[in-house]
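Structure, as structure tokens:
Computed from the coordinates by the stated procedures, all read-outs in this text should not be read as laboratory data. Because the structure is predicted, anything quoted here is derived from the model rather than measured. Cβ placement follows ideal geometry from the backbone for every residue including glycine, while neighbour counts extend to all protein chains displayed.
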Amino acid sequence: MSGGQGQKPPPGANGPSGASGSDDGKGAPKVKNAPKDVKVQVNSEPCSNFGVEQCSQARAACDSAAGGSNYQPPTITWVKVDDGPWTYNGMTCGPPTSISIPGVEGAVQVQPPPVPTMAQIQTAFRELPFSKPSVSVQPKGNKTLKGLKTFYAATWPDDSGLQPGETSKPVKLLSWTIDFRVAAQDYRYDFGDGTTSGWTTSTGGTYPDGDVTHTYKNTGDKDVKVDARLTGQYRVNGGQWQDIATVADLQDEPVDTLEVLGTRTRLTSYTY
């Protein structure tokens, strides 16, 4: 798919979004060979409203052109010459490599804006504001008996942090806008007596079907918790979701104290 001045912009698009569409030095393409007596500004932004037929068709064309890899989202380009208005310069898959300027013969070359590396995208994912899970225990009341099978489950708090199944707010990295979709990779339950469950994909559960259990051999207070590692997907400028291929290993998850009682002690609040 190539741009062209003769085409019309998508409905509702009358100029660059944002404050003024000016070049901020980071996200705008650089004009390389414009005439010296002409001031040219270029602004490129994704055609991300796929409810608009023109954007939807452009996305399909860019998907096809990518052949399953190196997808570049449909991108609208606007050009401003001297103090004139912003004018539509066409749509391309990714930032344009050239533009046309009224009154200037031939194509004017454009240097695409810098894009983040995969390592930068992965770092941004690991630095997201994640929630932290806590461990719930059965029997209830944070008390159990020595020799009794105890059930564990990972629970996520109702807070503003990100947790499995949620999508982040858009993150701006250089010239790209990136969304992250969070998923759980695995959990490790620390039983507080020197043993753990090992890493497992299970969120545990309650009696009788919960599959994360432990039986204590000694009495006393046990500091129990669940560690979590998160992974997920990302998308660029509203494009296709792709695997993030990294893990966010959460730190400092909440610790609860479980009291393990002897078998001769009666649990007055004992309940499953």
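Brief remarks follow.
- Scalar couplings 3J(HN,Hα) for the range 191-196, obtained by applying the Karplus form with A = 6.51, B = -1.76, C = 1.60 to θ = phi - 60°, are 8, x, 10, x, 10, 9 Hz; x denotes Gly and Pro.
- Working from label points 7 Å from Cα in the Cα-to-Cβ sense, the Lys8 to Val255 distance is 6.7 nm.
- Segment Thr215-Val247, extension gain: residue separation times 0.36 nm, minus the distance between their alpha carbons: 8.5 nm
- Here each label is just a point 7 Å from Cα along the line to Cβ, and for Lys140 and Thr195 those points are 2.7 nm apart.
- The charge dipole of the range 118-261, taken about its Cα centre with unit charges on the Cβ atoms of Lys, Arg (+1), Asp and Glu (-1) only, comes to about 120 debye.
- When peptides 170-177, 38-45 are ranked by their average number of other Cβ atoms within 10 Å per residue, the highest-first order is 38-45, 170-177.
- Largest-first principal axis extents of the Cα set of the range 30-111 (Å): 42, 23, 18
- Each residue, Gln120 and Ala61, gets one label point 7 Å from its Cα in the Cβ direction; the gap between the two is 2.8 nm.
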